[in-house]
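> The structure under discussion is supplied below as structure tokens; questions concerning it will follow.
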Amino acid sequence: MKHLGPALVIAALILSFGHDRLQANDGFTHKTYLLIVANNALLDASPVSAAPEYMTLTWPDVGCMFYPNRTQTGPRDNAAVAATWPDYQQMFGLLEQWGRITGYASVFEVDASWNVITGTLSIESLTSSYKSPEGARQAFEYTVERFLEMNPGETPVSVKQIGDATAAWSHAWTDYEGRTWRSYRLQFRKANIGVTLWTSSVAQGYTSPDETIALAEKIAAKIE
């Protein structure tokens, strides 16, 4: 993609998976694609030097109904991140190539004492620091495309731009008790920082991505 100056770019990233998907936003069938809202003018921005743990979700961000899962919260080096992908060696090499320095994950779950049976029950975020904004861009574009290739049942979600580029999608399923669940995954990059955010909810009727977007904006505000 050409350098487009300060103008905001809305680009459709074409993913060649060889099958069609029913798009939720207009009801028509298209080849699979994902809308990425991006501003490539910021690739020359100065890298953010703060540690990732200072640019992630904290307890005050998510509210008192949630408690931190301390066994899953903590630093995430390249080996740990690569282990979450099926092709460990390839992903580890790419993370090194992109200049990923380190990362930090925060995981929150609803406190069972609240007896919550609907709404958001879990929140996870991963903040990654790269040596340069270009490395963050390459990681963002590859992982967005690769995740959708691995998970063709995901539905693209139209969201406003957060940071320098944003992509989001959702997935719904029914558990053995007949409850409908919906998860949202939102990725964005800002300067040399990449963020992935997941929320899982028990959906009664329509569930919007507004809460996920609001949480992503709280993380973005910390990236300075």
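> Could you grab me the full set of residues in segment 170-199 that are among the small types (Gly, Ala, Ser) and surrounded by fewer than 18 Cβ atoms within 10 Å (Cβ to Cβ)?
Result: 172, 178.
> Restricting to segment 202-212, and then to whatever is surrounded by fewer than 21 Cβ atoms within 10 Å (Cβ to Cβ) and touching a residue at least 12 places away in the same chain (Cβ under 8 Å), can you tell me which residue is farthest from residue 143 (Cα to Cα)?
Ranking the candidates gives 204 first.
To keep it simple, each residue is scored yes or no on (1) surrounded by 11 or more Cβ atoms within 10 Å (Cβ to Cβ); (2) at pLDDT below 90.
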{"site": "26", "(1), (2)": "no, yes"}
{"site": "73", "(1), (2)": "yes, no"}
{"site": "77", "(1), (2)": "yes, no"}
{"site": "86", "(1), (2)": "no, no"}
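> Can I ask one more? Condition (residue is outside any strand (DSSP E or B), of a type in the set (Phe, Trp, Tyr) and touching a strand residue (DSSP E or B) at 6+ places or on another chain (Cβ under 8 Å)) applied to segment 63-72: is it met by at least one residue?
Taking every residue of segment 63-72 in turn, none turns out to be outside any strand (DSSP E or B), of a type in the set (Phe, Trp, Tyr) and touching a strand residue (DSSP E or B) at 6+ places or on another chain (Cβ under 8 Å).
> Taking the conditions exactly as written (in contact with a strand residue (DSSP E or B) (Cβ under 9 Å, 6 or more places away or on another chain), outside any strand (DSSP E or B), at negative phi and modelled with pLDDT of 90 or more), does residue 161 satisfy them or not?
It is true that residue 161 is in contact with a strand residue (DSSP E or B) (Cβ under 9 Å, 6 or more places away or on another chain), outside any strand (DSSP E or B), at negative phi and modelled with pLDDT of 90 or more.
> Can you tell me how many residues within segment 41-59 are farther than 18 Å from residue 101 by Cα and at pLDDT 70 or above?
Of the residues in segment 41-59, 3 are farther than 18 Å from residue 101 by Cα and at pLDDT 70 or above.
> Which of the residues spanning segment 116-132 are over 28 Å from residue 66 (Cβ atoms) and crowded, with 22+ Cβ neighbours inside 10 Å?
130
> Okay, moving on. Going through 196, 166, 180 one at a time, which residue ends up being over 20 Å from residue 102 (Cβ atoms), in contact with a strand residue (DSSP E or B) (Cβ under 8 Å, 6 or more places away or on another chain) and modelled with pLDDT of 95 or more?
Only one candidate qualifies: 166.
The values are calculated or read from the model by the stated rules, or taken from the named source; none is laboratory data. Just so it is clear, the structure is predicted and the values come from calculations on it, not from any experiment. FYI the Cβ positions are ideal-geometry reconstructions off the backbone, even for glycines, and counts take in every protein chain you see.
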